[in-house]
Amino acid sequence: YISAMRENSGLRFFFHVIRNMHPQFRKKLISNYLVNVNFYGQMKGDLTRRRYGFLPPYTILISPTMRCNLKCKGCYASEYPRSSDMDYETASRIVREGKELGVYFYTLLGGEPLLWEDIFRLAEEHSDAYFQMFTNSLLLLDEGKLDKFKKLGNIVPMISVEGFKELTDLRRGPGVFEKVERVMDILREERIP
């Protein structure tokens, strides 16, 4: 087993990430993602299939806001008003009803999900669920957000870029790639996956 692990770069990377992540993220990865999503949720999903005749999805995608802090070429998201945001009760109901069916994994999209004021409230209320959030990352360093991520541990940022510097800056704006790299460095220092 150990020799196989040494030869498998994917396993080496996985264990490197686990060893180097903040303890709260490690705890929630195990309890929420491995146990709730992939074990308990699958069992409930099987009951849902038998009871209602369909297998629930592995993840439910939620776009609580279409607003964005960037004005990328070809994108419409910066044009949406705050009034078009999803209300908290609807988002929470989606998660609650999803869990009843056996879904404990949620993908938060946008626009930029960090513009939705209730994002951490949702993750806190549903502390047994696991959230991945697609973000441009530029708001991650605002208003104590890193501390909120570390306190909760069940919401993980997935940073999107267009590619490397030239293409990212061409589409998203000059200097965006370097800002994203800085955020990634800080996330690594803070042990946030």
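Based only on Cα atoms, what mean projected area does the convex hull of region 1-82 have, in nm²? Walk me through the numbers on the way to the answer.
Working: hull surface 41.9 nm².
That works out to 10.5 nm², a quarter of the Cα hull's surface.
For the chain, the Cα-based Rg and Dmax, in that order, read 18.1, 56 Å.
Short-range pairs are left out: with C-alpha atoms under 8 Å and at least six residues apart, the relative contact order of region 78-193 is 20 percent.
For region 23-54 versus region 117-193, the spacing of their alpha-carbon centroids is 24 Å. Count charges around Leu140 for me, please; just the other residues with Cβ under 13 Å from its Cβ, Lys/Arg as +1, Asp/Glu as -1. Cβ neighbours under 13 Å give a net charge of -2. Applying a threshold of 20 Å to the alpha-carbon distances of Lys99/Lys150; Lys71/Lys165; Lys27/Lys150 flags Lys99/Lys150 as lying beyond it.
Averaging 1/r across all pairs of distinct Cα atoms in region 108-178 and inverting the result yields a Kirkwood radius of 13.0 Å.
Normalised by the number of residues in region 1-86, the mean separation of alpha-carbon contacts (under 8 Å, six or more apart) gives a relative contact order of 14 percent. Contact order, relative form, for region 84-131: 45 percent (alpha carbon pairs under 8 Å, 6 or more residues apart, mean separation divided by residue count).
Among Asp147, Asp85, Asp118, the largest mean-square fluctuation in a Gaussian network model of the chain, built with springs joining Cα atoms closer than 10 Å, belongs to Asp147.
Counting Lys and Arg as +1 and Asp and Glu as -1, what is the net charge of the other residues whose Cβ lies under 12 Å from the Cβ of Arg96?
So the surrounding residues net to -3.
Computed from the coordinates by the stated procedures, all read-outs in this text should not be read as laboratory data. Small disclaimer: the values here were computed from a predicted structure and weren't measured. When we count neighbours, we look across all protein chains shown, and the Cβ atoms used for this are built from the backbone with ideal geometry, even at glycine.
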